[in-house]
1. Give me the pairs, please: first residue somewhere in the stretch 17-40 and over 13 Å from residue 70 (Cα atoms), second residue anywhere and among the hydrophobic types (A, V, I, L, M, F, W, C) and surrounded by 11 or more Cβ atoms within 10 Å (Cβ to Cβ), beta-carbon distance under 7 Å, and either six or more positions apart or on two chains.
2. Taking the criterion of being closer than 22 Å to residue 124 by Cβ and in contact with an Asp or Glu (Cβ under 8 Å, 6 or more places away or on another chain), would at least one residue in the stretch 12-31 satisfy it?
3. How many residues, within the stretch 69-100, are touching a residue at least 12 places away in the same chain (Cβ under 8 Å) and outside any helix (DSSP H, G or I)?
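Values quoted throughout were computed directly from the atomic coordinates according to the rules given, and no laboratory measurement underlies them. Worth saying up front: this structure is predicted, and the values here are computed from it rather than measured. Note: ideal-geometry Cβ built from the backbone for every residue, glycine included; neighbour counts use all protein chains shown.
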Amino acid sequence: MLLHHVRGPTSFQYLKTVDGVLKETYQAACRARGLLENDWENTLREASLSQCPLQLRELFVVILLFCQPSEPLKLWNIFKDDLCEDIRHRIRQQNQDITLPYNEDIYNEGLIQIENKLLQLNDKA
């Protein structure tokens with residue numbers, strides 16, 4: 001990717017240098033140049049418009065496992081409400097409280113489901 005965006009590279013080290021700072025990895029150099037910023041964010045944003053939370057969690061797992069996003073925690077923080085919407089709905093019904101906001105228990109259950117799916121898919125891969 002860097003070869004397509006860095007003009008006239010003279011060395012591999014040159015490819016990893018951004019604004020005079022040598023980055024540790026090529027991925028870090030790509031991130032600093034803004035080349036990786038929105039790839040998976042756009043994918044998840046688009047999917048969140050048409051897919052249920054279970055499908056969205058499955059997509060998130062595939063992205064984590066096979067696509068190596070540059071900032072997975074950032075993706076989680078942006079989309080955690082979308083990823084856990086069904087869990088909140090279920091807990092609202094169980095507690096008969098339609099005003100229940102998102103909370104750490106809801107997010108933790110979502111993370112547990114994501115972790116279980118990651119382990120399940122990783123065993124198959």
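1. Note: pairs meeting the criteria are 18/29; 18/32; 23/29; 23/32.
2. no
3. 5
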